[in-house]
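Worksheet: the structure to be examined is printed underneath.
Just so it is clear, none of the values below were taken in a lab; they were calculated from the coordinates. In this text the structure is predicted, and so the values were computed from the model without any measurement.
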Amino acid sequence: MISPLASIHPEAIIGENVEIAPFVFIDKNVVIGDNNKIMSSATILYGSRIGNNNTIFPGAVIGAVPQDLKFRGEETTAEVGNNNTIREYVTINRGTAAKGKTVVGNNNLLMEGVHVAHDTIVGNNCIIGNATKMAGEVIIDNNAILSGSVLLHQFCRIGGYVMVQGGSRSSKDIPPYIIAGREPIAYCGINIIGLRRNGFSNETIEKIHNAYRLIYQSGLNNTDALAKIEAEVEKCPEVDYIVDFVRNSERGILK
């Protein structure tokens, strides 16, 4: 299962039933779990922590030092969970002193050429399209879908169940359950198809829609819109998530 043409540091920890192809490089201070498949020419560098049942395609680089001039060689990690597919030439950099780690959760698909910068956190069940680039300390909540060539400014947060149009650029937070697109990027309605595919009831979808009508179509500022949501829209976890997301947005939400 491990090619003699792979270069594996003797201090690296490799789990059971791991397939390692020729010309893979695995550095010291690397921990790899069970049942992973690492294809030819992938590079797993110092500080990488990889869970179970992942497939890593040729040319991917996990654990490279951050592209951040403030980095001073501190001990940090790049952590990949379970059941992820990491396609060709994906790069996942280590964290910095800011958070100490970069994290990709479970059951994600990172397509060709995706860049996950230092201290970024990608949740679970996300699909990240080809050539999408995340700057440092981005947060992507669970079940988000980013199409190809999306560019995310540092410190942005992307809400759960979002669909972001290919080629979009965002320097603002994108709240949950919506479609974001156009140029410049803007709110394009709620992600009804995605919500239905994920089992959201019509009643819940209507509550989400009512909340966003107040945020985006009432003419109210965000503070007043949130107050009106709390007063008028029937409470549920999804509406609470929207209110908390908008209220705690540090960069502000897109228009």
| note | Heads up, the range 85-163 by the C-alpha gyration tensor (a ≥ b ≥ c square roots of eigenvalues; a/c under 1.5 rounded, else a/b over b/c prolate, else oblate) looks rounded
| request: Hey, could you grab the Kirkwood Rh for the chain? Inverse mean 1/r over distinct alpha carbon pairs, Å, one decimal. | output: 19.0
| query | Which ³J(HN,Hα) values in Hz, rounded to whole numbers, follow from the phi angles of the range 141-151 under the Karplus curve 6.51 cos²θ - 1.76 cosθ + 1.60, where θ = phi - 60° and Gly and Pro get x? | reply | 6, 4, 6, 7, 10, 10, 6, x, 6, 7, 10
| field | Rounded to 5, the percent of DSSP beta bridges in the chain classed as antiparallel | value | 5
| said: Over the chain, with a Gaussian network built from C-alpha contacts below 10 Å, which listed residue (P22, P237, P66) shows the highest mean-square fluctuation? | reply: P237
| query | Taking amide H positions as placed 1.01 Å from N in the peptide plane, with prolines and chain starts having none, which residues 5 or more places from G81, or on another chain, fall under 5 Å of its amide H? | reply | G51, V104, G105
| task | Quote the relative contact order of the range 7-140 in percent (integer), defining contacts as alpha-carbon pairs under 8 Å separated by 6+ residues. | result | 16
| message | Explain nothing, just compute: Karplus ³J(HN,Hα) = 6.51 cos²θ - 1.76 cosθ + 1.60, θ = phi - 60°, for every residue of the range 82-98 in order, whole Hz, x for Gly and Pro. | response | 10, 6, 9, 10, 10, 7, 4, 6, 5, 10, 10, 7, 5, x, 10, 4, 4
| What shape does the range 2-68 have by the C-alpha gyration tensor, where a ≥ b ≥ c are the square roots of the eigenvalues, rounded means a/c under 1.5, and otherwise prolate means a/b greater than b/c and oblate the rest? | rounded
| request: Take every Cα pair under 8 Å in the range 71-157 that's 6+ residues apart, average their separations, divide by the length, and report that relative contact order as a whole percent. | output: 22
| said: From Cα pairs below 8 angstrom and at least 6 apart in sequence, can you work out the relative contact order of the chain, rounded to a whole percent? | reply: 9
| List the lysines whose alpha-carbon lies under 18 Å from that of K28, not counting same-chain residues fewer than 8 positions away? | K101
